[in-house]
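Readers should treat all values here as calculations from the given coordinates under stated rules, not as data from a laboratory. For clarity, every value in this text was computed on a predicted model and none was experimentally measured. Cβ sites come from the backbone with ideal geometry, for glycine too, and all protein chains shown count toward neighbours.
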Amino acid sequence: MPAPICRSADYKLTSTDDIAPNTLYLGDAGNASWVSSGSPQKYTDSNGDQVLLTMPANSVGTLLASTSYVWYGKISAKMKTSKGKGVVTAFILLGDSKDEIDFEFVGVDLNTAQTNFYFQGIPVYTNTKNLTVDDTFDNYHTYEIDWQPDQTTWSIDGKELRTLKKSDTWNSTDNKFHYPQSPTRIQLSLWPAGDPKNAKGTIDWAGGVIDWSQTAMGNAGYYYAMVQDVSVQCYDPPSGANVTGSKSYIYTGYDGTNNTVAVTNEDTIMKSFLDSGLDPEANAPTSGAASQPTQANTVPGVDSGGVRQGSGNSGSPGNSGGSGTSSGSDNGGSGTNGGPGTMPTIAGFTQGKTSGASAVGLGDEKVLKGSMFAVLVAIGSLMVL
């Protein structure tokens, strides 16, 4: 399925109005800037309005992914991370080819930002570099990825702290630069790397098995990270790119490299979740039929449907200080006396795995010691051959 082209914008994440649930999103980036799994929540405190990425007990957290893709650009996020053993906050760029550029924050080390990159998901543990930062939980910081065709720079609060040159990534085995070079989506996520079901290496990296007790999660009743602002500056396609339009990206081959990406005017919108992705009209609902099927293919971040456990969307956060309670009603309640309110358990969210990589022909996902993917599978496949 063609992917919506990059849009330069300053996305003020001060409400959830511009976030579409992944159970409703059909590829129209004009309807929302973000698609979500889990339960993002609006929250207001002395720092102003922001969006919480929440992770209630025994859930798999929350993920926001941009509805538009980026094929090189400068992307920044102003945010606070979560904290606690087994808890990981991430700000990454992730492509359907599994190209990836990361900022990751392990909840037991609040003075370190881990940076990493992957070419098509190939694990190279020496690609990781740690950057020093001051208390990522208590302090807002602006994290920036400046991704260019020839180099990538990671910065914190305007200070450049790491630069990767494409020329240093040449691999003589397959004669390719192992450098992220295909369109990516921006992802912000909070996830339980310390889930006991995860690989031991992942749990050890995350600081141990996650503690779901009320004591560990605090008055909020769930783990959370805060995001205020995401800024995107799109760059021009790389020199020699196949540009025949200005609407969408497609792959023209299986290599996932610059020369197999094209900029086209192909449509990005599907008529139904039952589409294969290669034919957006294939399963369009007939006149008068329901637009949302009861059985759906995997959609971004969710195993077929993203069903909530419990009786509703209870526990919206309040406006200032204090602990919250939830109403349990279908329409949700507000946190009493402010503060993040107690949230229901969320089911169906699949951070850390993908069911669609084989459609792109780039192999199965690998579980990595230093970065377990918060993978968002595109609706259908970003592939037109």
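For the residue pair Lys159 and Ala241, what label-to-label distance in nm results when each label sits 7 Å from Cα along the Cα-to-beta-carbon direction?
3.3
Give me, ordered by chain and number, the residues 5 or more places off Ser82 or on other chains with an amide H under 5 Å from its own placed amide H.
Sorted by chain and number, the residues that satisfy this are Thr89.
For the stretch 247-255, just list the computed ³J(HN,Hα) in residue order, Karplus coefficients 6.51, -1.76 and 1.60, θ = phi - 60°, integers in Hz, with x standing in for Gly and Pro.
Working through the residues one at a time gives 10, 8, 9, 9, 8, 10, x, 8, 6 Hz.
Compute the orientation-averaged projected area for the stretch 65-205 from the convex hull of its Cα atoms and round it to one decimal in nm². Provide the component values of the computation, followed by the final result.
Numbers: hull surface 34.1 nm².
Over every viewing direction, the Cα hull of the stretch 65-205 projects on average to 8.5 nm².
Against the globular-protein guess of 2.2 N^0.38 Å, express the Cα radius of gyration of the stretch 1-138 as a ratio, rounded to two decimals. Working shown, then result.
Working: Rg = 15.7 Å, N = 138, 2.2 N^0.38 = 14.3 Å.
With N residues counted in the stretch 1-138, Rg over 2.2 N^0.38 Å equals 1.09.
Which of the lysines could a cross-linker span from Lys12 if the Cα-Cα distance has to be under 24 Å and same-chain partners fewer than 8 positions apart are dropped?
Straight-distance partners of Lys12: Lys42, Lys74, Lys78, Lys80, Lys83, Lys159, Lys247.
Output ³J(HN,Hα) for the stretch 75-86: one whole-Hz value per residue in order, computed from phi by the Karplus curve 6.51 cos²θ - 1.76 cosθ + 1.60 with θ = phi - 60°, and x for Gly and Pro.
Per residue, the Karplus-derived 3J(HN,Hα) values read 10, 10, 9, 9, 7, 10, 8, 7, 8, x, 5, x Hz.
Between Lys271 and Asp49, how high is the FRET efficiency from 1/(1 + (r/R0)^6) when r is the Cβ-Cβ distance and R₀ = 56 Å? Nearest 0.05.
0.95
Name the long-range amide H neighbours of Gln151: under 5 Å, sequence gap of 5 or more, or other chain; modelled H, no Pro or chain starts.
Close amide H contacts, sequence-distant or interchain: Lys166.
For the stretch 89-105, just list the computed ³J(HN,Hα) in residue order, Karplus coefficients 6.51, -1.76 and 1.60, θ = phi - 60°, integers in Hz, with x standing in for Gly and Pro.
Whole-Hz 3J(HN,Hα) from phi for the stretch 89-105: 9, 9, 10, 9, 10, 9, x, 5, 7, 6, 4, 8, 10, 10, 10, 10, 10.
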